[in-house]
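Report on the following structure.
The values are calculated or read from the model by the stated rules, or taken from the named source; none is laboratory data. Just so you know, these numbers come straight off a predicted model, no measurement behind them. Cβ atoms come from the backbone with ideal geometry, glycine included; neighbour counts cover every protein chain shown.
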Amino acid sequence: MPEGETVIFAAGTLMPVSSPPIRDGAVLVRDGRIAAVGSLAELGREAPDSEVRFFPNYTIVPGAVNAHAHLGFRREDAPEGGTFSGWLAKLIERLPEKEAWTAEAARDSAREALEAGTTYMAESSPYGECLPQLAESGMAGTVYAEFFPGDFDGAAPEEIVESIIGRARGLQAGLPERVDARVSVHSPYTVDPESSRLAARRTRELGWTLAIHLSESPEEVEFVREGTGGLADIFGRNEWRGVGVSPVRYAESIELLAPQTIAAHLATLVSEEDLEILARTGVAAAHCPRSNEFLGCGVSPVPRMMEMGVRVGMGTDGLWSSPSMNLFEETMVAVGLHGLGGATGLELATLGGARALGIAAETGSLEAGKWADLAVVEVAPGTDDPERDVLEAAAGGGVTATVVGGDLRYNRVEG
Ligand SMILES: [Zn+2]
């Protein structure tokens with residue numbers, strides 16, 4: 001939006017998430033950020049010259065914060081589900097042909113997410129390949145560049161890690177203000193312990209967050225613990241397999257777990273001891289229940305994590321393991337799976353994700369000082385759980401407009 005101008009976004013109901021809902025509520029936006037939150041009448045008096053976009057029969061919520069996704073997959077080419085290692089083997093087999101359409105898939109996935117009310121996207125892709133499409137989507141976000149030491153021709157871990165950090169830095173040049181490039185240590189079975197440890201240390205020194213996949217599948221647990229199973233069939237050359245402990249304990253031992261780290265999935269056999277490690281190290285979790293179900297990975301102990309103070313956000317994962325990029329739809333599945341109330345669900349989808357990604361001071365709720373990131377949702381007359389009604393509506397295609405940093409990036413009604 002043009003500098004110095006103000007705009008008011010208002011709706012029949014405004015749900016700031018960090019404070020109670022407001023009837024005929026509004027946010028006053030200046031230079032992309034929220035200057036004030038209140039009733040439309042109040043804010044209209046405060047800034048009488050503002051342009052007003054009023055959606056009387058709708059609800060405004062914070063935009064969805066997707067804490068773990070992959071943009072570069074095309075829905076129609078998805079391998080069947082079943083076992084995680086079977087799926088991964090097919091994924092690897094299809095990588096050469098996938099290259100031809102990755103950019104188009106990333107553009108479509110990003111568009112789908114934006115049109116479902118997503119305003120912040122944490123994306124992981126090999127060497128950050130989906131960064132251009134995220135940057136041009138209008139969403140804010142971070143691309144986590146995955147690296148695979150096997151691609152580096154026997155180079156030393158120091159060299160590999162400096163190379164991927166240099167790449168992330170290079171990608172950073174010329175990006176929109178709210179798009180970043182960071183590093184991902186893909187998983188315990190694709191990145192060796194020394195490269196993992198160095199990447200974690202170096203990125204923390206830079207003040208960067210780090211994305212990882214952790215304890216996603218039964219095969220990963222078996223691979224780390226025993227060194228056998230479906231992943232050993234694929235990655236048998238990895239000499240560090242079979243270390244006799246859980247993936248969470250292993251990740252802690254190689255210094256991957258810290259408040260800057262976002263661990264996706266944590267779906268399989270996460271024990272009470274693992275949970276204590278997660279809580280103690282301050283690592284955040286990205287919960288992807290639809291992907292976990294599709295790949296037979298189990299159910300992440302999310303209520304227990306939240307009880308123990310682990311920061312939890314929601315992630316859609318990518319279209320090869322999940323039916324949509326709609327984070328509110330993902331969240332409705334979590335609500336059903338864990339018996340959560342609507343308010344908890346709405347918080348997980350928004351502020352929870354922002355906390356997990358370390359950006360809660362910037363987005364995730366409608367509060368003065370944060371970016372004006374919001375979704376306008378058409379909600380059917382409701383039940384006694386209004387937050388659940390909004391989630392359900394947004395899950396089912398009810399998002400009619402998406403605003404990122406005060407800019408209307410998607411709008412199919414006239415507000
Ligand atoms: Zn993933």
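Is the range 262-269 home to any residue that is more than 16 Å from the ligand (Cβ to nearest atom) and not assigned by TED's automatic domain parsing to the domain that holds residue 396?
Within the range 262-269 (the criterion being more than 16 Å from the ligand (Cβ to nearest atom) and not assigned by TED's automatic domain parsing to the domain that holds residue 396), the answer is yes, since at least one residue qualifies.
The condition of being within 26 Å of the chain's Cα centre (by Cα), of a type outside the set (Ser, Thr, Tyr) and under 19 Å from residue 393 (Cβ atoms) holds for only one of 9, 55, that being 9.
For (1) more than 16 Å from residue 186 (Cα to Cα); (2) touching a Gly at 6+ places or on another chain (Cβ under 9 Å); (3) surrounded by fewer than 23 Cβ atoms within 10 Å (Cβ to Cβ); (4) without any contact (Cβ under 8 Å) to a residue 12 or more places away in the chain, each residue gets a yes or a no:
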position: 209; (1), (2), (3), (4): no, yes, no, no
position: 232; (1), (2), (3), (4): yes, yes, yes, yes
position: 248; (1), (2), (3), (4): no, no, no, no
position: 265; (1), (2), (3), (4): no, yes, no, no
position: 268; (1), (2), (3), (4): yes, yes, no, no
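Filtering the range 270-326 to residues that are within 15 Å of the ligand (Cβ to nearest atom), part of a helix (DSSP H, G or I) and either outside the structural domain of residue 338 (by TED's automatic domain parsing) or surrounded by 24 or more Cβ atoms within 10 Å (Cβ to Cβ) (or both) leaves 289, 291, 292. I want to confirm something. Restricting to the range 139-152 and keeping residues that are farther than 20 Å from residue 68 by Cβ and touching a residue at least 40 places away in the same chain (Cβ under 8 Å), which single residue is surrounded by the fewest Cβ atoms within 10 Å (Cβ to Cβ)? Looking at the filtered set, the residue picked out is 150.
So which residues in the range 171-207 are of a type in the set (A, V, I, L, M), crowded, with 16+ Cβ neighbours inside 10 Å and under 24 Å from residue 253 (Cβ atoms), if there are any at all? Break it down into steps so the answer makes sense when it comes.
Step one: filter the range 171-207 for residues of a type in the set (A, V, I, L, M), giving 171, 173, 175, 179, 181, 183, 185, 191, 198-200, 206.
Those left that are additionally crowded, with 16+ Cβ neighbours inside 10 Å: 171, 179, 181, 183, 185, 191, 198-200.
Scanning the range 171-207 gives 183, 185, 191, 198, 199, 200.
Of the strands (runs of 3 or more DSSP E) lying entirely inside the range 1-88, those containing at least 3 residues that are within 16 Å of the ligand (Cβ to nearest atom) span 64-69.
Here is a list of conditions, (1) within 16 Å of the ligand (Cβ to nearest atom); (2) buried (at least 24 other Cβ atoms within 10 Å of the Cβ); (3) part of a helix (DSSP H, G or I), and residue 331 meets all of them except one; can you say which number that is? All conditions pass for residue 331, except number (1).
Taking residue 74, is it in the same structural domain as residue 183 (by TED's automatic domain parsing) and of a type in the set (Lys, Arg)? Break it down into steps so the answer makes sense when it comes.
Values: in the same structural domain as residue 183 (by TED's automatic domain parsing): yes; of a type in the set (Lys, Arg): yes.
Against the criterion (in the same structural domain as residue 183 (by TED's automatic domain parsing) and of a type in the set (Lys, Arg)), residue 74 qualifies.
Among all residues of the range 78-94, there is none that is in contact (Cβ under 8 Å) with a residue 60 or more places away in the chain, under 15 Å from the mean Cα position of the chain (by Cα) and either outside the structural domain of residue 325 (by TED's automatic domain parsing) or buried (at least 18 other Cβ atoms within 10 Å of the Cβ) (or both).
So that you can scan it fast, the table gives a plain yes or no per residue for (1) polar (S, T, N, Q); (2) in contact with a helix residue (DSSP H, G or I) (Cβ under 9 Å, 6 or more places away or on another chain):
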site: 159; (1), (2): no, yes
site: 190; (1), (2): yes, yes
site: 198; (1), (2): no, yes
site: 202; (1), (2): no, yes
site: 207; (1), (2): no, no
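Among the residues of the range 190-200, is there at least one that is within 15 Å of the ligand (Cβ to nearest atom) and assigned by TED's automatic domain parsing to the domain that holds residue 243? So far as the range 190-200 goes, yes, one or more of its residues are within 15 Å of the ligand (Cβ to nearest atom) and assigned by TED's automatic domain parsing to the domain that holds residue 243.
Pairs meeting the criteria (first residue in the range 336-353 and at positive phi, second residue hydrophobic (A, V, I, L, M, F, W, C), beta carbons under 9 Å, at least 6 apart or on different chains) are lacking.
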